[in-house]
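Scroll down for the structure; my scribbles are underneath it.
The values are calculated or read from the model by the stated rules, or taken from the named source; none is laboratory data. Source: prediction; values computed, not measured. Neighbour counts are summed over all protein chains in view; Cβ atoms, including those assigned to glycine, are modelled from backbone coordinates with ideal geometry.
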Amino acid sequence: MSAHTTTTPADVHGHVDTGHIHGHEHHHEASWLETYVFCQDHKTIAKQFLITGIFWGIVGGLLSVLFRMQLGWPNETFPFLETFLGKWAEGGKISNEFYLAMVTMHGTILVFFVLTGGLSGTFANLLIPYQVGARDMASGFINMLSYWFFFSASVVLFISFFVQTGPASGGWTAYPPLNGMRDVAINKGSGLGFDLWALAMTLFIVSSLTGGLNYVATILNLRTKGMSMMKLPLTVWAFLFTAVLGILSFPALLAGVALLEFDRLLGTSFYLNMIVVNGHLLDYRGGSPILFQHLFWFLGHPEVYIIILPAMGIVSEVLAVHSRKPIFGYRAMVISIMAIVIISFLVWAHHMFVTGLNPNLAAVFVLFTLLIAVPSAIKVFNWIGTVWKGSVRLNPPMLFAMGFVSMFISGGLTGLMLGNSPIDIQLHDTYFVVAHFHIVMGVAAFFGMFAGVYHWFPRFYGRFMNDTLGYIHFYVTLIGGYAIFFPMHFMTGLPRRYYTFANFETFNNFNFLTQFISIAAIVVFTAQLLFVVNFFYSIFKGRKVDVERTSEDGYTYGNPWDGATLEWTAPIERIHGNWPGEIPSVHRWPYDYSVNDKPYISQDTPLAPGEVEHK
Amino acid sequence: MSNTIVMNSGEDEYMRELKEKTEYTGVHPQKFGLWLAMASMTMFFAALTSALILKKGDFKSWENFKLPNIFFLSTAVIIGLSVSMHAALICYRKARFTAFRWLFFLGFMLGIVFLLAQWLGFRALASMGFPLTGNIAGQFVYLVALLHGLHIVVALLITGLVLIFAIRARKDPLFELRNIINPKRKLHMELLVTFWHYIDIVWIYLFVFLYLNYR
């Protein structure tokens with residue numbers, strides 16, 4: 001027998017792993033690497049997602065500042081840009097190729113890496129185990145893999161900025177035939193840059209799926225005693241359906257990208273047909289670029305709900321806690337989330353009204369698209385009903401949650417217009433569309449995310465973020481967000497993704513608005529840096545959460561917002577396994593605020609004699 | 001034999017706590033996670049096959065042909081694979097490790113034979129005048145078979161690792177004891193075999209689908 005198969009009885013004992021629920025029973029000194037890098041604890045993984053998301057937020061935001069500079073002042077030169085961007089900004093003027101690459105990467109980064117990975121990854125990881133009363137995720141190892149797939153995707157995407165032919169530049173939607181061939185003569189970003197984009201997206205999808213499996217398995221299987229589905233906080237409901245959406249729709253994008261890479265690398269022609277380049281007819285026969293659009297938008301549309309549902313969940317929670325009132329219409333909220341998820345699978349072709357789609361078929365997609373307005377409006381009504389006559393605390397998380405509702409209404413209304421195919425055909429690919437989706441799923445989702453960060457920062461770090469900086473951050477972002485995107489509704493006919501409008505006399509009357517938007521974009525970006533400073537400063541120097549009691553074994557407890565959900569029943573110290581003793585069991589719904597003459601009643605408090613449970 | 005007693009004393013602690021301390025649903029959470037993964041993979045193959053249907057509707061470019069017979073062989077092989085994997089799992093549960101190792105090895109080899117059969121299928125396709133870059137109808141066969149094969153490769157890698165450990169420790173009674181009393185290992189073995197069954201069924205679905213679409 002070789003040396004490494006020698007086993008002693010002690011070894012056997014050490015390896016009898018019973019898959020313990022009780023993390024604290026496992027007396028094993030974690031190394032630095034296990035604590036901070038390859039960590040399987042959901043709280044650390046949440047922080048890893050958040051900080052990676054913040055990094056990508058800065059990169060994605062910076063790209064938008066750069067291309068807004070080009071749009072606002074197309075005839076100016078900015079010599080300092082050449083210092084940083086080299087050949088992409090020769091003489092201080094951003095090249096048209098790099099402009100397209102920046103627009104593409106801005107979309108990819110913000111849609112996937114910030115508002116999906118950064119948002120869902122952070123809050124689903126932090127809140128699911130805490131709020132359902134579990135020690136950790138169903139599989140800590142798979143959860144760790146999920147982050148490291150996200151990290152590898154990030155590395156690959158970042159590397160693509162530094163390849164000779166530049167990053168992908170054919171739009172975040174990656175439509176063929178533009179992206180279907182590796183021919184850099186057509187489009188520089190179609191070279192190595194796009195292959196790296198596809199690899200990064202594949203890794204990202206794997207990350208998103210492994211994460212999603214864990215979220216659903218944890219929510220359905222690891223709820224603590226008494227936590228029936230209808231006692232779950234709305235955040236958890238939102239994460240559950242977000243994960244279900246991702247599990248069922250991301251594979252379609254993966255299939256779409258797989259076919260694309262078959263065309264690019266192996267010479268098949270799934271998406272390509274009769275392409276003429278420089279007067280030569282290429283060999284591709286029989287493919288259809290529309291096929292890609294079907295596969296892409298089968299994910300692409302649910303993706304906007306993957307982005308907005310977690311924000312909705314966070315906002316529902318934050319509004320209830322800071323209005324000191326039970327959420328209005330809990331059951332309607334849950335049903336609305338379900339309705340949105342189901343309908344979102346039946347609307348994808350509303351992105352394809354101009355592809356020659358059969359108008360009768362388009363009518364079906366119009367119908368379902370407009371139907372989504374119903375559950376969305378129910379949710380808005382309930383949020384307003386929650387705040388109505390509440391004892392509102394206007395602190396930064398609450399302000400951001402209210403900002404979310406405002407943005408969601410403003411952006412949602414233009415969704416009703418665009419959902420109609422006759423109007424969409426007129427407005428397709430104009431700044432009206434840019435305004436719509438940036439307000440409703442860009443700015444709004446960011447507001448939800450900020451509300452979450454300010455609200456659960458004490459849960460993350462045991463400290464508060466600075467309020468003054470938070471107020472400045474909120475007001476600049478709210479006013480600035482509208483200043484950027486509201487004028488875009490009125491830039492009639494202005495096409496998206498153009499490098500410059502200087503050559504079109506007809507668009508000259510928008511010059512002032514274009515510059516105004518660019519200035520607003522720079523101001524808003526600066527305000528986000530303030531948030532980043534506040535975030536990192538507060539980790540070390542923020543005001544500490546008040547300790548309400550100290551247990552016998554030395555753990556301290558505090559409930560900074562007087563919240564009723566389970567995450568505030570865990571000690572301020574973040575320990576593996578979340579609760580030092582028994583897991584709390586649940587006796588009531590999560591929104592008992594201002595009832596029985598108490599400011600709040602925690603979910604783990606048994607019903608008082610004679611008290612009727614909220615149904 | 002004392003095996004039965006040892007196995008009972010190794011009753012899954014994790015499951016017991018799950019039943020006592022949570023709203024137990026009757027399923028192991030990790031098993032549930034695998035089911036979700038299978039739902040996700042089903043969507044992946046559904047997307048591929050619906051792409052085929054969409055494309056076939058555009059008959060102008062579709063050149064029909066009969067599926068090479070070699071794919072019948074690969075389908076038979078993959079059914080054999082599922083059977084031997086399942087038999088291996090039964091032996092594992094009953095702590096008959098010698099039989100387990102042989103059946104597991106047989107399953108592993110059938111996986112490799114399956115991949116070879118698929119490759120022969122590709123060669124037959126090419127000799128019929130449908131190379132990878134040929135008519136779009138042929139391209140779809142390569143596409144679904146290759147992407148399915150990728151799943152087989154992943155399963156083979158995991159199976160290979162398990163096999164290496166099992167063969168290395170075949171003369172080590174303590175290792176075998178550990179296998180019997182460790183519920184986590186039993187769970188992982190069950191998950192692996194479930195995954196094998198799943199991708200085998202996917203191939204049978206793909207085969208029937210292709211067979212019906214190409215005649």
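Residues in the range B:199-213 that are surrounded by fewer than 19 Cβ atoms within 10 Å (Cβ to Cβ) and not hydrophobic (A, V, I, L, M, F, W, C) were compared, and the one that is modelled with the highest pLDDT is B:205.
Are any of the residues in the range A:253-263 farther than 28 Å from residue B:50 by Cβ, surrounded by fewer than 24 Cβ atoms within 10 Å (Cβ to Cβ) and within 8 Å of another protein chain (Cβ to nearest Cβ)?
no
Would you check if residue A:445 is touching a Leu at 6+ places or on another chain (Cβ under 6 Å), in a helix (DSSP H, G or I) and among the hydrophobic types (A, V, I, L, M, F, W, C)? Break it down stepwise before answering.
Working: touching a Leu at 6+ places or on another chain (Cβ under 6 Å): yes; in a helix (DSSP H, G or I): yes; among the hydrophobic types (A, V, I, L, M, F, W, C): yes.
Here the answer is yes, as residue A:445 does meet what is asked.
In the range A:245-277, the residue that is nearest to residue B:58 (Cα to Cα) out of those that are aromatic (Phe, Trp, Tyr) and part of a helix (DSSP H, G or I) is A:262. Note on the range A:70-168: enclosed helices (runs of 4 or more DSSP H) holding 3 or more residues that are surrounded by fewer than 20 Cβ atoms within 10 Å (Cβ to Cβ) and either more than 28 Å from the chain's Cα centre (by Cα) or charged (D, E, K, R) (or both) are A:79-85. Residues in the range A:156-186 that are free of Cβ contacts under 8 Å to residues at least 60 places away in the same chain, touching a Ser or Thr at 6+ places or on another chain (Cβ under 9 Å) and of a type in the set (S, T, N, Q): 1 in all.
Kindly establish whether residue A:222 is more than 7 Å from chain B (Cβ to nearest Cβ), more than 24 Å from residue A:169 (Cβ to Cβ) and touching a residue at least 12 places away in the same chain (Cβ under 8 Å). So that I can check it myself, show each step before the final result.
On the way: more than 7 Å from chain B (Cβ to nearest Cβ): no; more than 24 Å from residue A:169 (Cβ to Cβ): yes; touching a residue at least 12 places away in the same chain (Cβ under 8 Å): yes.
When the stated conditions are applied, residue A:222 does not pass them.
Here residue A:178 clears all of (1) out of contact with any Asp or Glu (no Cβ under 9 Å at 6 or more places or on another chain); (2) farther than 27 Å from residue A:256 by Cβ; (3) surrounded by fewer than 21 Cβ atoms within 10 Å (Cβ to Cβ) except the condition numbered (2).
Run down A:253, A:213 and say which single residue is in contact with a Phe, Trp or Tyr (Cβ under 7 Å, 6 or more places away or on another chain) and either more than 30 Å from residue B:143 (Cβ to Cβ) or of a type outside the set (Val, Ile, Thr) (or both).
After applying the criteria, what remains is A:253.
Is it fair to say residue B:191 is within 11 Å of chain A (Cβ to nearest Cβ), part of a helix (DSSP H, G or I), more than 20 Å from residue B:72 (Cβ to Cβ) and free of Cβ contacts under 8 Å to residues at least 40 places away in the same chain? Judged against the criteria, residue B:191 is not a match.
If you filter the range B:141-172 down to residues that are touching a Lys or Arg at 6+ places or on another chain (Cβ under 7 Å) and within 11 Å of another protein chain (Cβ to nearest Cβ), you find that the one that is farthest from residue B:95 (Cα to Cα) is B:167.
Scanning the range A:189-200 for residues that are surrounded by 24 or more Cβ atoms within 10 Å (Cβ to Cβ) and either of a type outside the set (Gly, Ala, Ser) or facing chain B (nearest Cβ under 10 Å) (or both) gives A:194, A:197. Within this structure, residue A:482 passes the test of being surrounded by 16 or more Cβ atoms within 10 Å (Cβ to Cβ), at pLDDT 95 or above and among the hydroxyl-bearing types (Ser, Thr, Tyr).
Give the range A:102-143 a look and list any residue that's more than 24 Å from residue A:445 (Cβ to Cβ) and either hydrophobic (A, V, I, L, M, F, W, C) or touching a helix residue (DSSP H, G or I) at 6+ places or on another chain (Cβ under 7 Å) (or both), or say none. Before you say what the answer is, go through the steps one by one.
Our first condition is that a residue be more than 24 Å from residue A:445 (Cβ to Cβ); within the range A:102-143, this holds for A:133-136, A:138-142.
Hits for the range A:102-143 are A:133, A:134, A:135, A:136, A:138, A:139, A:141, A:142.
Taking first residues from the range B:104-130 that are among the β-branched types (Val, Ile, Thr) and partners that are in a helix (DSSP H, G or I), the Cβ contacts under 6 Å between residues at least 6 apart in sequence or on separate chains come to B:113/B:77.
So, in the range A:593-604, how many residues would count as being surrounded by fewer than 18 Cβ atoms within 10 Å (Cβ to Cβ), assigned to a loop (DSSP other than H, G, I, E, B) and charged (D, E, K, R)? Reasoning before the result, please.
Taking the range A:593-604 first, the residues surrounded by fewer than 18 Cβ atoms within 10 Å (Cβ to Cβ) are A:594-599.
Filter once more, keeping what is assigned to a loop (DSSP other than H, G, I, E, B): A:596-597.
Add one more test, that the residue is charged (D, E, K, R), and what stays is A:597.
Result for the range A:593-604: 1.
Report the residue count in the range A:541-583 for those that are of a type in the set (A, V, I, L, M, F, W, C), under 23 Å from residue B:22 (Cβ atoms) and buried (at least 19 other Cβ atoms within 10 Å of the Cβ).
Taking the range A:541-583 as the starting set, the residues that turn out to be of a type in the set (A, V, I, L, M, F, W, C) are A:545, A:547, A:561, A:564, A:566, A:568, A:570, A:572, A:575, A:579, A:583.
So of that shortlist, the ones also under 23 Å from residue B:22 (Cβ atoms) come out as A:564, A:566, A:568, A:570, A:575, A:579, A:583.
Then keep just the ones that are buried (at least 19 other Cβ atoms within 10 Å of the Cβ); that gives A:564, A:566, A:568, A:570, A:579, A:583.
The qualifying residues number 6.
Here is a list: A:357, A:291. Which entry is within 17 Å of residue A:173 (Cβ to Cβ), modelled with pLDDT under 95 and either part of a helix (DSSP H, G or I) or aromatic (Phe, Trp, Tyr) (or both)? From the options A:357, A:291, the qualifying one is A:291.
To keep it simple, each residue is scored yes or no on (1) under 29 Å from residue A:473 (Cβ atoms); (2) out of contact with any Pro (no Cβ under 9 Å at 6 or more places or on another chain).
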site: A:529; (1), (2): yes, yes
site: A:532; (1), (2): yes, yes
site: A:539; (1), (2): yes, yes
site: A:546; (1), (2): yes, no
site: A:571; (1), (2): no, no
site: A:604; (1), (2): no, no
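Just checking, how many residues over the range B:25-64 are small (Gly, Ala, Ser), over 20 Å from the mean Cα position of the chain (by Cα) and more than 7 Å from chain A (Cβ to nearest Cβ)? Please lay out each step first, then the result.
Taking the range B:25-64 and keeping what is small (Gly, Ala, Ser), we get B:26, B:33, B:37, B:39-40, B:46-47, B:50-51, B:57, B:61.
Subset that is over 20 Å from the mean Cα position of the chain (by Cα): B:26, B:50-51, B:57, B:61.
Still in the list and also more than 7 Å from chain A (Cβ to nearest Cβ): B:26, B:50, B:57.
The number of residues fulfilling the criteria is 3.
Scan the range A:278-287 and give yes if some residue there is in a helix (DSSP H, G or I) and of a type in the set (A, V, I, L, M, F, W, C), otherwise no. No, the range A:278-287 contains no residue that is in a helix (DSSP H, G or I) and of a type in the set (A, V, I, L, M, F, W, C). Scanning the range A:444-477 for residues that are within 23 Å of residue A:110 (Cα to Cα) and touching a Ser or Thr at 6+ places or on another chain (Cβ under 7 Å) yields one hit, A:457.
Evaluation of residue A:232 against the conditions (1) under 24 Å from residue A:318 (Cβ atoms); (2) within 10 Å of chain B (Cβ to nearest Cβ) shows that the sole unmet condition is (2).
Listed by first and then second residue, the pairs with beta-carbon distance under 7 Å, at least 6 apart or on different chains, first residue in the range A:564-586 and at positive phi, second aromatic (Phe, Trp, Tyr), are A:578/A:130. Report yes if residue A:367 is modelled with pLDDT of 95 or more and over 30 Å from residue A:392 (Cβ atoms), otherwise no. Yes, satisfied.
Taking the range B:1-109 as the region of interest, the helices (runs of 4 or more DSSP H) fully inside it that hold 1 or more residues being within 20 Å of residue B:142 (Cα to Cα) and at pLDDT 90 or above are B:29-56, B:70-93.
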